[in-house]
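A.B. asks: This is the structure I have questions about; it appears just below.
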Amino acid sequence: MRKSKRSSKNPLHIHQMTLGDFERLFPDDAACAEYLMKNRWPEGPRCPRCGNDNVHPHTKDYHWQCYKCSPGGVGYRFSVLVGTIFENTNKPLREWFRVIHLMLTSKKGISSLQVCRYMGFGSYKTAWLMCNKVRVALGSREFKKLVGYVEVDETFVGGKAKNRHGNDRDGSTGGTGSGKSVVAGAVQRKGNVVARVVANVKADTLTSFANEAVSHQVSLLVTDQWMGYRQLNKQYPHKVINHARGQYVVGAVHTNTIEGFWSIVKRGIVGTFHKVSKKYLHLYINEFEFRYNQRLNADIFSAAIKAC
């Protein structure tokens, strides 16, 4: 039987940075600083204050001086870490890189407690702060509005009412009255996903999210039968898949792609993080979104460092 050739445009397996690759690329802090510099300033160092590229090397490695934006001409000194999440850290840059590598190579994430154990940090809070700073950076990247065939859906994240203490139960079992957090998502088939924590599932909220994430030049916008999506009929070529009637796929009309993303998110939260507070849920969503959007990028580590 003749084996089919794998398409280079849609490979079945993407080789990511392995542990051996990491050790070879980053043997020490100097190698990490060099990598950060090249990813941050491909055309050479620039002053983070004024953007001047005519900077002068300082006697200390990976430090420069800018005389253009310095009052009195005394020179503004900066390092490769200025303006990044690594600035003013007391941890070696190589340890930061290791934490980022751990977060990116785990499909469903890695908990701060596991990072603490793996890295040998003396404090869980250190690992927690480092991971959250990385999540903030991963969510700061700009995105293009989704086009083509796009699916929009919402999901609820949080503990079940039956598992709460008696005084905290409100009699509800799920949905909008359960106290769970609402996450809205839009995904372009064979493309990127945009996910945001939103206040509720009202029509105005969901329409606002769709306008932010989805281009009005979209070929088809698919949602389920929830009434909050009805306003989208006026702005998009909108089709509905009615799960209440047992419909799941009707030709090109389905929400299987976004539901697949929700599966990754929920399995990560339940199986890896176990508990995520409402206050920091958006940071975890940043992480899941970034990994999903970079799933076909063989150099996902470089993309993360640029975001940091």
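The values are calculated or read from the model by the stated rules, or taken from the named source; none is laboratory data. Just so it is clear, the structure is predicted and the values come from calculations on it, not from any experiment. Methodologically, a virtual Cβ is constructed for each residue, glycine included, from the backbone with ideal geometry; neighbour enumeration extends over all protein chains shown.
A.B. asks: Output the helices (runs of 4 or more DSSP H) that fall wholly within the stretch 238-308 and possess 2 or more residues being in contact with a Pro (Cβ under 8 Å, 6 or more places away or on another chain), or say none.
C.D. replies: By residue number, no helices (runs of 4 or more DSSP H) qualify.
A.B. asks: Can you tell me which residue within the stretch 12-39, out of those that are at pLDDT below 95 and not in a helix (DSSP H, G or I), is surrounded by the most Cβ atoms within 10 Å (Cβ to Cβ)?
C.D. replies: If we take residues in the stretch 12-39 being at pLDDT below 95 and not in a helix (DSSP H, G or I), then 17 is surrounded by the most Cβ atoms within 10 Å (Cβ to Cβ).
A.B. asks: To continue, here is another question. Only one of 102, 129, 81, 93 is surrounded by fewer than 16 Cβ atoms within 10 Å (Cβ to Cβ), at pLDDT 95 or above and more than 30 Å from residue 255 (Cα to Cα); which? Walk me through it before giving the result.
C.D. replies: Numbers: 102 fails: surrounded by fewer than 16 Cβ atoms within 10 Å (Cβ to Cβ); 81 fails: surrounded by fewer than 16 Cβ atoms within 10 Å (Cβ to Cβ); 93 fails: surrounded by fewer than 16 Cβ atoms within 10 Å (Cβ to Cβ).
The unique qualifying residue is 129.
A.B. asks: Is at least one residue of the stretch 61-71 part of a helix (DSSP H, G or I) and not assigned by TED's automatic domain parsing to the domain that holds residue 307?
C.D. replies: Of the residues in the stretch 61-71, the ones part of a helix (DSSP H, G or I) are 71.
The next check asks that each one be not assigned by TED's automatic domain parsing to the domain that holds residue 307; those that pass are 71.
Yes, because at least one residue in the stretch 61-71 is part of a helix (DSSP H, G or I) and not assigned by TED's automatic domain parsing to the domain that holds residue 307.
A.B. asks: Among the residues of the stretch 60-78 satisfying the criterion of being at pLDDT 90 or above and either out of contact with any Lys or Arg (no Cβ under 8 Å at 6 or more places or on another chain) or of a type in the set (A, V, I, L, M, F, W, C) (or both), which is surrounded by the fewest Cβ atoms within 10 Å (Cβ to Cβ)?
C.D. replies: 60
A.B. asks: Also, I was wondering about something else. Quick one: would you say residue 144 is out of contact with any Phe, Trp or Tyr (no Cβ under 7 Å at 6 or more places or on another chain) and closer than 29 Å to residue 209 by Cβ?
C.D. replies: Yes, satisfied.
A.B. asks: Somewhere in the stretch 287-297, is a residue over 30 Å from residue 124 (Cβ atoms) and either at pLDDT below 95 or assigned by TED's automatic domain parsing to the domain that holds residue 153 (or both)?
C.D. replies: Checked against the condition, which is being over 30 Å from residue 124 (Cβ atoms) and either at pLDDT below 95 or assigned by TED's automatic domain parsing to the domain that holds residue 153 (or both), the stretch 287-297 yields at least one hit.
A.B. asks: Determine whether the stretch 32-51 contains at least one residue that is among the hydroxyl-bearing types (Ser, Thr, Tyr) and in contact with a Phe, Trp or Tyr (Cβ under 8 Å, 6 or more places away or on another chain).
C.D. replies: Yes, there is a match, as at least one residue in the stretch 32-51 is among the hydroxyl-bearing types (Ser, Thr, Tyr) and in contact with a Phe, Trp or Tyr (Cβ under 8 Å, 6 or more places away or on another chain).
A.B. asks: Test residue 271 against the stated conditions and say whether it is surrounded by fewer than 19 Cβ atoms within 10 Å (Cβ to Cβ), modelled with pLDDT under 95 and not acidic (Asp, Glu). Before you say what the answer is, go through the steps one by one.
C.D. replies: Values: surrounded by fewer than 19 Cβ atoms within 10 Å (Cβ to Cβ): yes; modelled with pLDDT under 95: yes; not acidic (Asp, Glu): yes.
Here the answer is yes, as residue 271 does meet what is asked.
A.B. asks: Further, regarding this structure: Can you pull out every residue in the stretch 215-229 that is under 12 Å from residue 152 (Cα atoms), out of contact with any Phe, Trp or Tyr (no Cβ under 7 Å at 6 or more places or on another chain) and either among the acidic types (Asp, Glu) or not in a loop (DSSP other than H, G, I, E, B) (or both)?
C.D. replies: Passing the criteria: 222, 224, 228, 229.
A.B. asks: The conditions are (1) touching a Cys at 6+ places or on another chain (Cβ under 7 Å); (2) of a type in the set (Ser, Thr, Tyr); (3) assigned by TED's automatic domain parsing to the domain that holds residue 284, and residue 105 fails exactly one of them. Which is it?
C.D. replies: (1)
A.B. asks: Still on this structure, I have one more. Would it be correct to say that residue 23 is closer than 19 Å to residue 306 by Cα and not β-branched (Val, Ile, Thr)?
C.D. replies: When the stated conditions are applied, residue 23 does not pass them.
A.B. asks: Shifting gears a bit: Enumerate the pairs (first residue in the stretch 224-239 and in the same structural domain as residue 187 (by TED's automatic domain parsing); second residue anywhere and part of a strand (DSSP E or B)) with beta-carbon separation below 6 Å, excluding pairs fewer than 6 apart on the same chain, so at least 6 apart or on different chains.
C.D. replies: From the stretch 224-239, the pairs are 225/240; 229/223; 232/238; 236/221; 237/220; 238/221; 239/222; 239/253.
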